[in-house]
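What follows is a single structure, written as structure tokens, with notes after it.
Derivation of every value follows stated rules applied to the coordinates shown; laboratory data play no part. All figures in this text were calculated on a predicted structure; none of them were measured in a lab. All Cβ positions, even for glycine, are placed from backbone atoms using ideal geometry, and neighbour counts span all protein chains on display.
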């Protein structure tokens with residue numbers, strides 16, 4: 001998997017089959033889109049490519065806008081790779097990108113930089129300054145510049161449209177099973193464990209801290225999770241059951257930094273710097289403020305007991321196979 005942040009002209013001499021979007025969560029609809037891209041690329045000797053913008057345009061234009069993210073860029077890229085995508089272009093969304101007309105976007109980005117031969121987008125796709133370009137214009141420009149524009153009908157699950165917006169709403173409501181059903185894969189957060197304030201260890205709950213990039217998370221609160229990545233070398237990989245807290249720690253800190261704090265009962269070791277994957281099974285309760293640490297600790301014991309019971313009745317679902 002290649003990750004390219006600033007493609008230059010003639011970088012892709014072989015030509016690309018690509019799709020463009022944010023792909024938050026990489027849900028089952030996205031996966032179907034990626035399968036089409038990969039199939040077309042292999043049939044025509046092209047490179048299957050995903051193009052995404054960072055930061056999200058709405059966050060760029062408004063410092064107060066907070067996108068309730070489903071997944072991090074790292075986890076989106078992991079899912080893209082599982083689907084057969086070979087390279088991801090993370091285009092910086094800045095004033096120059098925002099000012100490109102639809103025609104200039106096609107010429108400078110799709111043709112000059114990416115050498116696009118096949119382009120796949122949803123029929124509601126918008127592009128260019130002030131979102132002036134639509135699917136019909138992209139198709140017309142494709143005809144003029146000899147690249148093929150394809151659309152994909154919406155994907156439904158149990159009679160309902162699969163979309164990042166619907167998944168986001170399910171997670172905000174704490175409905176992890178419904179969200180993961182639409183995703184088509186477990187909800188996972190991955191990253192390197194960092195040092196925190198170490199308050200948890202003084203309360204009997206030493207946690208591993210993972211910073212979640214972005215201004216807001218669709219899922220917050222107390223979670224039953226599986227921890228992948230702490231297996232002993234040479235032993236069979238066995239995820240560890242744990243309870244986690246996702247949010248901004250309202251009882252002990254006033255911060256906008258989203259933190260995923262994970263406690264593994266009866267585990268001892270040094271996880272600092274390790275790359276872990278936290279697989280979410282269930283939402284236990286919302287994040288809340290407590291009037292004292294004693295009240296919070298009492299609730300943490302209850303949360304841990306409930307999480308362990310849920311995990312004992314289920315199995316982890318992470319798979320390294322294709323999407």
Inset, instruction - For helix 135-145, report the angle its Cα long axis makes with the longest principal axis of the Cα atoms of the chain; keep it between 0 and 90° and round to the nearest 10°. - result: 50 degrees
Legend entry - Inter-centroid distance (Cα atoms) of the range 112-141 relative to the range 52-79, Å: 20 Å
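When a/c reaches 1.5 or more, the comparison of a/b and b/c decides; with that in mind, is the range 2-157 rounded, prolate or oblate per its Cα gyration tensor?
Rounded is the answer for the range 2-157, as its axis ratio a/c remains below 1.5.
What is the antiparallel percent of DSSP beta bridges lying wholly in the chain, to the nearest 5?
60 percent
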Inset, instruction - Provide 227, 37, 106 in ascending order of the number of other Cβ atoms located within 10 Å of each residue's Cβ, fewest first. - result: 227, 106, 37
Inset, instruction - Please give the helix 73-82 orientation as an angle from the longest Cα principal axis of the chain, in degrees from 0 to 90, rounded to the nearest 10. - result: 70 degrees
Inset, instruction - Send over the semi-axes of the chain's equivalent ellipsoid, whole angstrom and largest first, taken as the square roots of 5 times the C-alpha gyration tensor eigenvalues. - result: 39, 21, 18
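Rank these for me by crowding, 272, 189, going from fewest to most other beta carbons within 10 Å.
The fewest-first ordering by Cβ neighbours comes to 272, 189.
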Legend entry - Average Cα contact separation per residue, the chain, under 8 Å, 6 or more apart, as relative contact order %: 18 percent
Legend entry - Ranked list, fewest to most other Cβ atoms within 10 Å of each Cβ, for 146, 108: 146, 108
Inset, instruction - Whole Å is fine, so just give me how far the alpha carbon centre of the range 29-51 lies from that of the range 258-323. - result: 36 Å
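Nearest 500 deg cm²/dmol is fine: what mean residue ellipticity at 222 nm does the chain get from its DSSP H runs of n ≥ 4 alone, each adding -39,500 (n - 2.57), divided by its residue count?
For the chain, the value works out to -8000 deg cm²/dmol.
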